[in-house]
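Reading through the structure tokens given below for one structure.
The values are calculated or read from the model by the stated rules, or taken from the named source; none is laboratory data. Remember, it's a predicted structure, so these values are computed and weren't measured experimentally. Positions of Cβ are backbone-derived with ideal geometry, glycine not excepted, and every protein chain shown enters the neighbour counts. Note: accessible area is taken over every heavy atom of the protein model, side chains too, but ligands, DNA and RNA are not part of it. Shrake-Rupley method; radii C 1.70, N 1.55, O 1.52, S 1.80 Å.
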Amino acid sequence: MCETPPRDPGAQPERTWLAWRRTTLTCAVSVGLAARVAVAEHSATAVAAAALGAVAWAGLLLTAQRRRRGLTVRQPAPMDAVQVIGTLASMLVLIVVGGMLL
């Protein structure tokens, strides 16, 4: 029988935390750029895109914080369906926001 290897308690949670941090930081920069366009253009579309992007970023940030707290236990639970769908929806909204500003 094959046993599952023991989980590395140091490196894996840190890598996951860094990946979430990079993702949320990238999204924050994207929302900041959308806000800059909204201020420069004064168009309703740009303002709506920036506001929608900010809401999506906040949802992604909450999911990342919840996930990071979940990594403190020895065997963290996998992401549930709500977290996966929320993350996917946030990323799709940010893609749409980028498309609205082109």
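Of the residues examined, S30 is not one that is under 26 Å from Q12 (Cβ atoms), of a type in the set (G, A, S) and touching a residue at least 60 places away in the same chain (Cβ under 8 Å). R22 passes every criterion in (1) assigned to a helix (DSSP H, G or I); (2) modelled with pLDDT under 90; (3) open to solvent by 60 Å² or more (accessible area, probe 1.4 Å) apart from (2).
For V39, indicate whether it is surrounded by fewer than 16 Cβ atoms within 10 Å (Cβ to Cβ), more than 28 Å from P13 (Cβ to Cβ) and at pLDDT 90 or above. Write out each step before concluding.
On the way: surrounded by fewer than 16 Cβ atoms within 10 Å (Cβ to Cβ): yes; more than 28 Å from P13 (Cβ to Cβ): yes; at pLDDT 90 or above: yes.
Here the answer is yes, as V39 does meet what is asked.
With the requirement that a residue be without any contact (Cβ under 8 Å) to a residue 12 or more places away in the chain, more than 18 Å from G70 (Cβ to Cβ) and hydrophobic (A, V, I, L, M, F, W, C), what does the range 16-27 give you? Matches in the range 16-27: L25 only.
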